[in-house]
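**Student:** Take this structure, written in structure tokens, and hold onto it; I'll ask about it next.
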There are 2 protein chains.
Amino acid sequence: MGLNIDRVEDNSGPGHAQPETTTISILVPSETMGTQPQELHGVCLPPQKTTFQKLRHKLSEIFFPDDPLHGLKNQTRLNKILFALHFVFPIFQWAPNYNLTLFRSDVVSGLTIASLAIPQGISYAKLANLPPVIGLYSSFVPPLIYAVLGSSKHLAVGPVSIASLVMGTMLNDAVSYTLNPVLYLKLAFTATFFAGLFQASLGFLRLGFLIDFLSKATLVGFMAGAAVIVSMQQLKGLLGIVNFTSKMQIIPVLSSVIERRDEWSWHAIMMGFSFLACLLTTRQIGLRKPKLFWISAAAPLTLVILSTLIVALFKSKLHNIATIGQLKKGLNPSSLDMLYFHGEFLAVAVKTGAVTGLLSLTEGIAVGRTFASLKNYQVDGNKEMIAIGLMNMAGSCSSCYVTTGSFSRSAVNENAGGQTAMSNIIMALTVLVTLLFLMPLFRYTPDLILAAIIVTAVIGLIDYQSAFRLWKVDKLDFVACLSSFLGVLFVSVPVGLAVAVGVSVFKILLHVTRPNTGVLGNIPGTQIYQDLDRYREAQRVPSFFILSVEAPIYFANSMYLQERILRWLREEEDWIAANNGSTLKCVIIDMTAVTAMDTSGLAMMNELKRMLEKRSLQFVLTNPVGSVMEKLHKSNTLESFGSDGLYITVGEAVAHVSSSWKTQL
Amino acid sequence: MGLNIDRVEDNSGPGHAQPETTTISILVPSETMGTQPQELHGVCLPPQKTTFQKLRHKLSEIFFPDDPLHGLKNQTRLNKILFALHFVFPIFQWAPNYNLTLFRSDVVSGLTIASLAIPQGISYAKLANLPPVIGLYSSFVPPLIYAVLGSSKHLAVGPVSIASLVMGTMLNDAVSYTLNPVLYLKLAFTATFFAGLFQASLGFLRLGFLIDFLSKATLVGFMAGAAVIVSMQQLKGLLGIVNFTSKMQIIPVLSSVIERRDEWSWHAIMMGFSFLACLLTTRQIGLRKPKLFWISAAAPLTLVILSTLIVALFKSKLHNIATIGQLKKGLNPSSLDMLYFHGEFLAVAVKTGAVTGLLSLTEGIAVGRTFASLKNYQVDGNKEMIAIGLMNMAGSCSSCYVTTGSFSRSAVNENAGGQTAMSNIIMALTVLVTLLFLMPLFRYTPDLILAAIIVTAVIGLIDYQSAFRLWKVDKLDFVACLSSFLGVLFVSVPVGLAVAVGVSVFKILLHVTRPNTGVLGNIPGTQIYQDLDRYREAQRVPSFFILSVEAPIYFANSMYLQERILRWLREEEDWIAANNGSTLKCVIIDMTAVTAMDTSGLAMMNELKRMLEKRSLQFVLTNPVGSVMEKLHKSNTLESFGSDGLYITVGEAVAHVSSSWKTQL
């Protein structure tokens, strides 16, 4: 019995986008067919491709899995130009069909998010140790740019808590804002520039998939850790403490709170906590009854006005309450001359830019995808990255710090009926009015209301229900979550993230290093072979030992698999000896789930074959996937198996091998 | 149609070592059966296990995949003690049955490997910048210890080229032997101690699988790079250069050779290259005719004697030829007081120990496994690691540096008929005699013969055929190989290794990040569904879209898979529109090769289901593996699929779903 390798024209296949390739199929010689009760089906090699074709296919799967230019196919030149325009500036997709109805919705939602964005902008800027006005600047230019370049209809753009917190921590480790405010500002703008550059490059190089390595589990832990730290830090404002640590680990923050008991101000505490209670209550109302979202959306601005009034009216009695103070009127000044591309702090700026850029990108993309999926449209992750990146690069030249799509404001935007990116424009115009005319009003706004707004915003990031679900469903995901939580809390943000990504990657490696193997049995009356452990009805096939391997066979597991398969065999032989079963004659490995193989795996298969042959056991493979088949062929392993060593299904292998034994008798 | 979750006693399964567990099987309600042409088989959950049981199973698969204590089961106490004794000291396995015939073979092979070990020991010590006598010390104590603890019958223990080279490079970067020989020696012994500690701990903690991460491909590149560098370095001896660079990168070495042209000695060049030619010729003879192995085995010692005689006789004319010089007679002195556990160079010693320990371990284990597999016995990798580790720890206290099983000497040992570890003892005794009586004979041994021996030994490490095979079979393996080659050549040994391991791990991640997906069709007249691209005879099933996913669904690929599946669907719908096919009604995902799923994967499945339902497409999963099934169940995803959303095979799914459409009509 030999092996016929036959090269045939491949003219079936999926029918569309058919390359002119040939397949090599291994045909079972017809003379053996006569003795068979059933027809045999040869195992095919995948269509032959050159190395270059394979590389091109691989690269297009890596960088263009979504085939972003598929709209260009079979189009006229005009349509192609239009498509390109729509592709680069999504505003042209919706602007031509824009009408008054849409505009009315967008005005309402734009004003609503503006009422949130103004107090949050001021608060988040404080979180990043920046002057409050930077938060307003950052709510003006970036939303306008996003409205032109962004493809999400619901994303409300501006400063967000996580990126602000991380920027504040990382820059403050290098330079103190109080000691050297100009250098600090320079570094903040430079970091913003690099964040934008990094984001745009990721999108442009179509490396957007890298943010997927920050898994949901990692982010749950990270955000909870950050939220706990930020909330604790706000005790400064809520308790009225003047001298507070600038560190970001939980231990120095808590000890600072306790050590400074003498600075606690009862006025601040009473006002702060009652505003906080108020905000938390309205937040709960908004969560429970989505129709009443406007209560929670309007609460921050209302309380800012209220607290400002109280402080302004009773300023003689409340002199020990810290306020924002005088703010400069006017639009974003240029910050081009503040960008800083040399000197000893450049590394800090680049690192801060990379981390905040990555984090804000993750948030922005996740929020964009969430609302796109809710409203059933698609956003192209890589394109969104370019939009967010360009918006930050432009922001860094106009006195803005890192911005992205905010989850809370986008949710309010969607609830308030926002239909297009026009709501971002309306919001920016409102901020413009504020910047031009209303800045003096913030003079008496107390810091404690900003602290209360921050606490209310970040408390929603503690998603203990998700953490509990992770524990229930996937213990290793929970470990990744916990390690990023503890890493952020006790060490630092980059370390926490790195540990969590490490745990996630380790999990993948562990799955490959120690894959699952299982013994299969036949479900009587069918051609189905299933795990004996799982299926009661499955039965061992006498004289056969059928094993399934559930992982690619790689250098990292080939030695393990060899030992494990031999152990399975030893246990099987022990069992046969104990139960007077029929002697083992044939070992079948079901390769369906062996999705890849490298040269170590090939060496292992050859070694295993040699060892089994020494024990006079026939060794059969069933249903190898295309890429594995190709490697078996190229390394001549296939030829050593021969035509009676390779079958398309376990059923056919069992039928054919056992009937060949009968023929021999 | 609902979902019956039924808890049943599991009393089948693999029959042996059956835990008392229960399975949850999902039964198809019987009223739907009547309308079916074929019987349906429910998809089972794996046997229920507690978290603790799962953890125990996982840990035992990670650390005890080979079940090393299986010999202990069902044994009497005496047998258990005997087993333990055999387990810890493999010498007790063979010593009781040792006889004169075996002894005769072992004496022949022991003397043969001694004749190789003595010149190689001296040469390799020079490679590590150590005094030549250390190489002999290292060929005395470690083989004796290995003979007691080691389980390989053919491993010939002693210094090896790679570990010597790496130790020389890494220590020389920190301390110069010529400037501070005592500190250098201290560091060498300390590094040896840590290498042994590291090796023994890896074995003891059963972390031996970590060395599998140095894949064959990586090692091929690494060894070739090291061999090129070492050969180039030997030009110092072969050309008779006195002042030579101590750096280990290819560029400084080559420029040193060229810059020092004035130091080239024509006496040295003529002698050196004729000895080298002689050694290479005998090596070729040994390789071509394995029976004549003794020619290549005896050549080094013969040439050492010959060259020593030449230099001794013509010393007045050959005064510019460097020789080994006076060597101290006597056994290994204790080096306990040389171990160095504090101070600024401790980190260097620990790092050198870790790298040389890892490399020598990899070589020793690979050699042991190779000969075990040739002679059909098994070596326990973790036990071997403990043996090699203890041998190095003992060596570090008796003036030895890092030793392991040498590939070349083990091959000679096997060829010369070595039967047990006794050949190591015979070799050690020969070295003992040399140390005690023959040391003055080496006084006039020229350095150039040592250089020629080293070149001959390392040139065999350049395995260009393997590299070519890697290129042919697996391009990414070749990249790993090439990067370790170039890394070692141009940067440094640890960097080269780290890059290669990085490439290998990246390959695993890439496979997971961008898994293969394919559209399946039915092979007419069977229940077989196969890739339409690969199988000409496979045909699309009208109204169905059947996709197979060939990877675990993880955070790293869930977003990609979602986009890729939607793109497949879009292309399918385009194709249907162009070919007037029947409308798509049902999407089936074959989960056979989805070997694991995490919480991101679960979220993706739910999202995909929601999106398909919006398009009025039925979504069906077939044959999820046990662990995936469990996660689908725990996260309540399974329940949302219902009983008509989950089938054991694609065939049953197609039959049942299409017959349910007929019932509805």
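Every number in this text was worked out from the coordinates using simple rules, so none of it is lab data. As the structure is a prediction and not an experimental result, all values here were calculated from the model. All Cβ positions, glycine included, derive from the backbone under ideal geometry; neighbour counts span all protein chains shown.
**Student:** Which entries in the list A:247/A:317; B:126/B:186; A:49/B:472 go over 25 Å, if you measure between the two C-alpha atoms of each?
**Tutor:** A:247/A:317
**Student:** Same structure again: Could you give the angle, 0 to 90 degrees to the nearest 10, between helix B:293-313's Cα long axis and the longest principal axis of the Cα atoms of chain B?
**Tutor:** Once rounded, one gets 30 degrees.
**Student:** Sticking with this one: Under the convention of a label 7 Å out along Cα→Cβ, give the distances in nm from residue B:510 to the same position in every other copy, shortest first.
**Tutor:** 2.6
**Student:** How many nm is it between the label spots at residue B:99 and residue B:636, if each spot is 7 Å from the Cα in line with the beta carbon?
**Tutor:** The modelled label-to-label distance comes out at 7.3 nm.
**Student:** Moving on. What nm distance separates the two modelled labels at residue A:264 and residue B:302, each placed 7 Å from Cα along Cα→Cβ?
**Tutor:** 9.3 nm
**Student:** First measure r as the distance between the Cβ atoms of residue A:567 and residue B:613, then evaluate 1/(1 + (r/R0)^6) with R0 = 45 Å and state the FRET efficiency to the nearest 0.05.
**Tutor:** 0.50
**Student:** Looking at B:491, B:332, B:354, which one has the Cα that reaches farthest to the positive end of the dipole of chain B (charges on Cβ: Lys, Arg +1; Asp, Glu -1)?
**Tutor:** The one lying farthest along the dipole's positive direction is B:332.
**Student:** If R0 is 35 Å, what FRET efficiency do you get for residue A:204 and residue A:510 from their C-beta distance, rounded to 0.05?
**Tutor:** Efficiency at R0 = 35 Å is approximately 0.55.
**Student:** To make sure I understand the rule: partners must be lysines, Cα under 17 Å from the Cα of residue B:662, and not fewer than 8 residues away in the same chain. Which ones qualify?
**Tutor:** Cα-Cα hits under 17 Å: B:585.
**Student:** Using a 10 Å cut-off on Cβ atoms, rank the peptides A:142-148, B:124-130 from the highest mean neighbour count down.
**Tutor:** Descending mean neighbour count gives B:124-130, A:142-148.
**Student:** For region B:106-177 and region A:127-142, what is the centre-to-centre distance using only Cα atoms, to the nearest Å?
**Tutor:** Centre-to-centre distance over Cα atoms comes out at 67 Å.
**Student:** If you take the Cα Rg of chain A and divide it by 2.2 N^0.38 Å, with N the number of residues, what do you get?
**Tutor:** Taking N as the residue count of chain A, the ratio is 1.24.
**Student:** Which percent of Cα pairs goes in each bin when the distances of the protein assembly as shown are cut into 10 angstrom slices starting at zero?
**Tutor:** 1, 8, 14, 17, 17, 16, 13, 9, 4, 1, 0, 0
**Student:** Next question, about the same structure. For region B:367-381, just list the computed ³J(HN,Hα) in residue order, Karplus coefficients 6.51, -1.76 and 1.60, θ = phi - 60°, integers in Hz, with x standing in for Gly and Pro.
**Tutor:** 5, x, 5, 4, 6, 4, 6, 4, 9, 6, 10, 10, 10, 8, x
**Student:** Just tell me how shielded A:66-75 is by partners: mean number of partner chain Cβ atoms within 10 Å of each residue's Cβ, no decimals.
**Tutor:** 2
**Student:** What distance in nm separates the simple spin-label points at residue A:347 and residue B:664, each placed 7 Å from Cα in the Cβ direction?
**Tutor:** 6.4 nm
**Student:** Percent relative contact order of region B:511-665, based on C-alpha pairs within less than 8 angstrom and at least six residues apart?
**Tutor:** About 21 percent, as a whole number.
**Student:** Divide by every residue of chain A the summed helix terms, -39500 (n - 2.57) for each DSSP H run of at least 4, and state the resulting mean residue ellipticity at 222 nm, rounded to the nearest 500 deg cm²/dmol.
**Tutor:** It lands at -19000 deg cm²/dmol.
**Student:** Volume per residue, Å³, of the convex hull around the alpha-carbon atoms of region A:335-389?
**Tutor:** In region A:335-389, the Cα hull volume divided by residue count equals 85 Å³.
**Student:** Taking H placed 1.01 Å from N in the peptide plane, check which residues at least 5 places from residue A:619 or on another chain put their amide H under 5 Å from its amide H.
**Tutor:** Distant-sequence amide H within range of residue A:619: A:587.
**Student:** Report for the protein assembly as shown the percent antiparallel among DSSP-assigned beta bridges with both residues inside it, nearest 5.
**Tutor:** In the protein assembly as shown, approximately 55 percent of DSSP beta bridges are antiparallel ones.
**Student:** Using packing as a proxy for protection, rank A:292-302, B:339-349, B:591-601, B:49-59 so that the peptide with the highest average count of other Cβ atoms within 10 Å comes first.
**Tutor:** So the peptides A:292-302, B:339-349, B:591-601, B:49-59, ranked by packing, come out B:591-601, A:292-302, B:339-349, B:49-59.
**Student:** Between the label point of residue A:285 and that of the same position in each other copy, find the distances and list them shortest first in nm, with every label point placed 7 Å from Cα along the Cα-to-C-beta direction.
**Tutor:** Spelled out, the distances from residue A:285's label point are 10.1 nm.
**Student:** If packing is taken as the average count of other Cβ atoms within 10 Å, what order do A:485-494, A:91-100 fall into, highest mean first?
**Tutor:** Highest mean packing first, the order is A:485-494, A:91-100.
**Student:** Turning to a different aspect of this structure: Fewest to most neighbouring Cβ within 10 Å: what's the order for B:615, B:261, B:536?
**Tutor:** Final ranking by Cβ density, sparse to dense: B:261, B:615, B:536.
**Student:** Could you calculate the FRET efficiency of residue A:375 with residue A:60 from 1/(1 + (r/R0)^6), where r is the beta carbon distance between them and R0 is 25 Å, rounded to 0.05?
**Tutor:** That gives a FRET efficiency of 0.30.
**Student:** Now a separate question. If you count, for every residue in B:556-562, the Cβ atoms of partner chains within 10 Å of its Cβ, what is the mean?
**Tutor:** Average neighbour count from other chains, rounded to a whole number: 5.
**Student:** Using the charge dipole of chain B (Lys, Arg: +1 at Cβ; Asp, Glu: -1 at Cβ; taken about the Cα centre), state which of B:195, B:577, B:482 has its Cα farthest towards the positive end.
**Tutor:** B:195
**Student:** Now, a different point. With +1 on each Lys and Arg Cβ and -1 on each Asp and Glu Cβ, and nothing else charged, work out how big the dipole of the protein assembly as shown is about its Cα centre, in Debye to the nearest 20.
**Tutor:** In total the dipole reaches around 2360 debye.
**Student:** If the label for residue B:264 sits 7 angstrom from Cα along the Cα-to-Cβ line, what are its distances to the same label in every other copy, in nm to one decimal, shortest first?
**Tutor:** Result for residue B:264, in nm, nearest copy first: 8.6.
**Student:** Something else about it: Roughly how many whole Å is it from the C-alpha centroid of region A:542-578 to that of region B:473-512?
**Tutor:** Using only Cα atoms, the two centres lie 30 Å from each other.
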